[in-house]
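First up is the structure itself, then whatever we jot down about it.
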Amino acid sequence: SALNAGFIPSGFNGGRSTRNMLIAQLGLSVPESTLPLVAFSHTLLVHTLHGDVEHEAPNVLMALARHPGRWTAETAQLVALGMAAHGHHAQVRVLAVELFAAAIPARVDVATATQAFAACAPEVLLPRWATAFADAANLAPLPVISVLTHLLPSMDVKAKGLASLMQVLLDESLRHGQWLDHPPLRDWLSGFSGSTAASKLAKALQARQA
């Protein structure tokens, strides 16, 4: 309060302030590991997928950006979830995109990041990811191309919205002159047939094979 700066106010807003302080503290208390922050915050990021009110979610990603500790696949899941946040959480998506661009591969390698995205894929709307990956490509195109190249083969060829991710990979590989030399992707692309948007994109991506 104005009379006592150290006093934690009661009520709903006070609870929010307490949680924000805990998030900040978890970002500092165990500097060698991000897992305490992840364990506390994972559910907050899951809620943003559905448009639930989660005022603390941006603070989670800001705390993660400042955290000096080692990243794991579970850490990267916070970024993956944030990149799929509901439109009501535009700030969360922006922060997640910026964190993706800054963290891969500086904080976590492509294989580990791909594992995180694959774990989250069944819970997210893929077109949201596509939008976020396209935004991230403006900051860090090669990590976007690498993660999508490794992520797509783990996904069901009939997954709803899959074509949107394939389109981002095609666009960015063409824009940056990157050949997609990854045998699992080649095998996965051969599993498409028919005249769907995804099948047409699969043919176009096959033409990008080195």
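Of the residues making up segment 156-203, those that are assigned to a loop (DSSP other than H, G, I, E, B) and open to solvent by less than 20 Å² (accessible area, probe 1.4 Å) number 1.
Could you identify the single residue in Pro58, Pro122 that is assigned to a helix (DSSP H, G or I), of a type outside the set (S, T, N, Q) and without any contact (Cβ under 8 Å) to a residue 24 or more places away in the chain? Within the list Pro58, Pro122, the selection yields Pro122.
For segment 71-91, the candidate set comprises residues that are surrounded by fewer than 16 Cβ atoms within 10 Å (Cβ to Cβ) and touching a residue at least 12 places away in the same chain (Cβ under 8 Å); within that set, the residue that is farthest from Glu123 (Cα to Cα) is Gln91. Of the residues making up segment 50-70, those that are hydrophobic (A, V, I, L, M, F, W, C) and open to solvent by 10 Å² or more (accessible area, probe 1.4 Å) are Val53, Met62, Ala65. In this structure, Leu142 does satisfy being surrounded by fewer than 20 Cβ atoms within 10 Å (Cβ to Cβ) and assigned to a helix (DSSP H, G or I). The condition of being open to solvent by less than 20 Å² (accessible area, probe 1.4 Å), assigned to a helix (DSSP H, G or I) and either of a type in the set (S, T, N, Q) or under 23 Å from Ala207 (Cβ atoms) (or both) holds for only one of Ala130, Ala113, that being Ala130.
The values are calculated or read from the model by the stated rules, or taken from the named source; none is laboratory data. Note that this is a predicted model, so its numbers are computed, not measured. Glycine also receives a Cβ, built like all others from the backbone with ideal geometry; neighbour counts cover every protein chain displayed. For accessibility, only protein heavy atoms count, side chains too; no ligands or nucleic acids. Shrake-Rupley method; radii C 1.70, N 1.55, O 1.52, S 1.80 Å.
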